[in-house]
1. Would you calculate the volume per residue, in Å³, of the smallest convex hull containing every Cα atom of region B:37-342?
2. Determine, for B:T246, B:T29, B:T321, B:T229, the number of other Cβ atoms within 10 Å of each Cβ, and report the residues in order from fewest to most.
3. What are the principal axis extents of the Cα atoms in region A:3-52, in Å, biggest first?
4. Quick check on packing: order B:126-134, B:295-303, B:40-48 by the mean number of other C-beta atoms within 10 Å, highest mean leading.
5. Taking region B:162-238, how much of its Cα-Cα pair set, in percent, is spaced more than 16 angstrom apart?
6. May I ask you to work out the translational diffusion coefficient for region B:124-204 at 25 °C, viscosity 0.890 mPa s, via Stokes-Einstein with Rh from the Kirkwood sum over Cα pairs, reported in whole µm²/s?
7. Could you tell me which of the pairs B:K137/B:K180; B:K83/B:K132; B:K212/B:K340; B:K52/B:K137; B:K212/B:K304 are separated by over 26 angstrom between their Cα atoms in the structure shown?
8. How far apart, in nm, are the 7 Å Cα→Cβ label points at B:D294 and B:D27?
Amino acid sequence: MEAGKVCSSNSVLQARRAVEQLRLEASLERIRISVAATQLVQYCQEHGRSDPLLTGIAASSNPFKDKKTCVLL
Amino acid sequence: MGEMDQMKKEAEGLKSQIEAARKAAADTTLADAASGVAPAPRVQLKTRKTLKGHLAKIYAMHWATDCRLDHAMLMVSASQDGKLIIWDAFSGNKINAVPLKSSWVMTCAYAPSGNLVASGGLDNMCTVYNLKTPVVKTVKELDAHTGYLSCARFLSDTEILTASGDTTCALWDIETGKQKTVFLNHVGDCMCLALSPDMNMFISGACDSLAKLWDIRDGTCKQTFQGHTSDINAISFFPSGNAVVTGSDDCTCKMYDLRSDQEVISYQDAQLNSGVTSLALSVSGRLIFAGYDDFNCNIWDSLKGEKVGVLSGHDNRVSCTGVPQDGMCVCTGSWDSFLKIWN
């Protein structure tokens, strides 16, 4: 035991866990942001046309707009 | 060198390694990469419905997955008036009101099947209810967390994920009422969680200002995302599953790409000095609806980082937001006791 230092087994366990976690995260293979960003942009472009909040909803097809016409049952 | 010193040294070394690897991958930002993309149009949405019925602050809301059944559009909300209300958003009618044992509720969730809902809060428990019995019945009280329940999300009628103020998240078997897996790694209260589109992973946000990606089946933390300087209150996956959006008490939202393992853009404004309480993405991922303490919900262009609209109408903090699966509207819930449907 080092002079002036008292390590509880709990902090040693925590420190070990932290190191293990960092080892795991350090081993990750990362792709360049330019590649990742291209794919995010692509996804938005491909799905933008079918995004009602982005394109807007015609009054006639807006299920939340109060309709004054009759509905066929 | 003692073991503690050795481990400290290794930890510092690994942190530097990770930082260097992230820097090496940071050849641009999302905003720069999207500079050629046409800006999103100014988004001006109107309140189509105001759902009145709660008598106190609303803390959470969640759309049913297959919400457009029988010409109704279902969602659940939770209020500190001690009730869960199931609403049909089309008509504004209340389908069910579930009285809670504890009124200090912080979260609610709708199961994908539509059969069950769940709630939890300062009682440290997650209570699961069956909506399909003649009278709504409590199915199980999931009791093992040692801190408040901040968020719950169903995987199915038999499994649910929870996030807690005890710094852990957990996967439960609803039938046995036991925790199958406990996710340990955060050092601050867990405030929010979101399921990946493929349901194999989930992300959590906590008061340690970190977001963490977890493998549901093996229980391990795969990645940790830094950058926020305060509690992360809201979190959501980008619809492709390759990125994550967070909202924090530091007044910003951020997007982290999972494969670059780092922040790719921040959504902030010098004039905005209220914390983010909630967020939801439109179906293409292009729009981010973020609820703030200042009573507004700001709309951000996710690719360019610019504000493209605002939903104003609540008289108190916006505490929850949600976009249904078909993307036809956005719901905001507030401490003013009302929910509003906008499109």
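1. Each residue corresponds to 115 Å³ of Cα convex hull volume.
2. B:T229, B:T29, B:T321, B:T246
3. 67, 25, 16 Å, listed from the longest principal axis down.
4. Taking the mean over residues of other Cβ atoms within 10 Å, the ranking is B:295-303, B:126-134, B:40-48.
5. 44
6. 190
7. The answer is B:K212/B:K340.
8. 3.8
Every read-out reported here was derived from the displayed coordinates using simple, explicitly stated rules and does not represent laboratory data. Source: prediction; values computed, not measured. Neighbour counts are summed over all protein chains in view; Cβ atoms, including those assigned to glycine, are modelled from backbone coordinates with ideal geometry.
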